[in-house]
Amino acid sequence: LMLVGEAPGADEDRIGLPFVGRSGQLLDRMLAAIGLNRKEHVYIANLLPWRPPGNRTPTPQAVAICLPFIQRQIQLADPDILVCIGAPSAQGLLGLTGILASRGKWLEYDTGTRRIRAMATLHPAYLLRQPLQKRLAWRDLRALKAALDAKT
C-alpha cells in the first residue's frame with residue numbers, strides 16, 4: 001500500500017518525515033482501525049518533497065515540476081494499491097477534481113510497467129477541521145481494507 005499526500009507541513013518539514021504532526025497521528029489511528037501500520041504495511045510519500053511557501057496548496061507549476069519524481073517513486077515502490085490523500089494528490093496523480101465527489105471510487109493508475117488500483121480519500125488535516133467528514137473517510141478505509149483482504 002502506498003499513500004501519497006500533497007506536501008510536507010511544518011512538523012514534517014522540521015522532522016523530515018511525512019505525516020508526523022496532528023494529521024499524521026490521525027492517519028496512524030485510521031490505519032490502525034483497519035489493522036495496518038506505517039512501519040510494516042504502508043509506504044508514504046508526498047506529491048511535493050518540500051513545503052510550499054506559506055503552507056499554501058501546491059501550485060500547478062510546482063506539481064508539474066515534481067510529477068515525474070513522484071511517478072518514478074510510485075513505479076519503484078510498486079504498490080498493489082495507491083491511495084491519494086487530499087485533493088492536490090488526487091488531481092496531480094489521478095486527474096480528479098472535487099475531492100468530496102471523487103473520493104472512495106476505485107480507478108486505475110498506470111505506473112508505466114503495470115496498472116494498479118487507486119483511490120482518493122480525504123486528507124487527515126481536513127478531517128481535523130471537519131470532523132463530521134470522518135464518516136466518509138471511514139467508508140474509504142473499509143473499501144481499502146476489503147481490497148487488501150482480497151489480495152491475500
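The values are calculated or read from the model by the stated rules, or taken from the named source; none is laboratory data. Since this is a predicted model, take the numbers as computed values, not measurements. Neighbour counts are summed over all protein chains in view; Cβ atoms, including those assigned to glycine, are modelled from backbone coordinates with ideal geometry. Accessible surface is based on the protein model in full, side chains and every heavy atom, while ligands, DNA and RNA are left aside. Shrake-Rupley method; radii C 1.70, N 1.55, O 1.52, S 1.80 Å.
Kindly indicate which of R135, R129 is open to solvent by 70 Å² or more (accessible area, probe 1.4 Å) and over 21 Å from T57 (Cα atoms).
On the way: R129 fails: over 21 Å from T57 (Cα atoms).
Every option except R135 fails the conditions.
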>> Take A32 and tell me if it is part of a helix (DSSP H, G or I), aliphatic (A, V, I, L, M) and closer than 30 Å to A150 by Cβ.
In response: yes
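If I ask for residues that are among the polar types (S, T, N, Q) and either open to solvent by less than 100 Å² (accessible area, probe 1.4 Å) or over 23 Å from G112 (Cα atoms) (or both), which ones from segment 52-70 would you list? Quick ask: steps written out before the conclusion?
Step one: of segment 52-70, the residues among the polar types (S, T, N, Q) are 55, 57, 59, 61.
Of everything in segment 52-70, those that are among the polar types (S, T, N, Q) and either open to solvent by less than 100 Å² (accessible area, probe 1.4 Å) or over 23 Å from G112 (Cα atoms) (or both) turn out to be N55, T57, T59.
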> Is at least one residue of segment 84-94 in contact with a Lys or Arg (Cβ under 7 Å, 6 or more places away or on another chain) and either crowded, with 19+ Cβ neighbours inside 10 Å or over 19 Å from R142 (Cα atoms) (or both)?
Replying inline: no
> If K105 passes every condition in (1) over 18 Å from W138 (Cβ atoms); (2) open to solvent by 70 Å² or more (accessible area, probe 1.4 Å) but one, which one does it miss?
Replying inline: (1)
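Go over the candidates I44, I34 one by one and state the one that is over 13 Å from the mean Cα position of the chain (by Cα), modelled with pLDDT of 95 or more and under 20 Å from L128 (Cα atoms).
Working: I44 fails: over 13 Å from the mean Cα position of the chain (by Cα).
Exactly one residue qualifies, and that residue is I34.
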> With (1) surrounded by fewer than 19 Cβ atoms within 10 Å (Cβ to Cβ); (2) part of a helix (DSSP H, G or I); (3) modelled with pLDDT under 95; (4) not β-branched (V, I, T) as the list, and P49 as the residue in question, which single condition is left unmet?
Replying inline: (2)
>> Cβ-Cβ under 9 Å, sequence separation 6+ or interchain: first residue in segment 26-54 and at positive phi, partner open to solvent by 60 Å² or more (accessible area, probe 1.4 Å). Which pairs?
In response: G35/H41; G35/K145
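Can you find even one residue in segment 67-87 that is among the basic types (K, R), touching a helix residue (DSSP H, G or I) at 6+ places or on another chain (Cβ under 7 Å) and closer than 24 Å to K151 by Cβ?
At the first step, the residues of segment 67-87 found to be among the basic types (K, R) are 72.
In the following step, the residues that additionally are touching a helix residue (DSSP H, G or I) at 6+ places or on another chain (Cβ under 7 Å) were identified as none.
No, segment 67-87 has no match at all.
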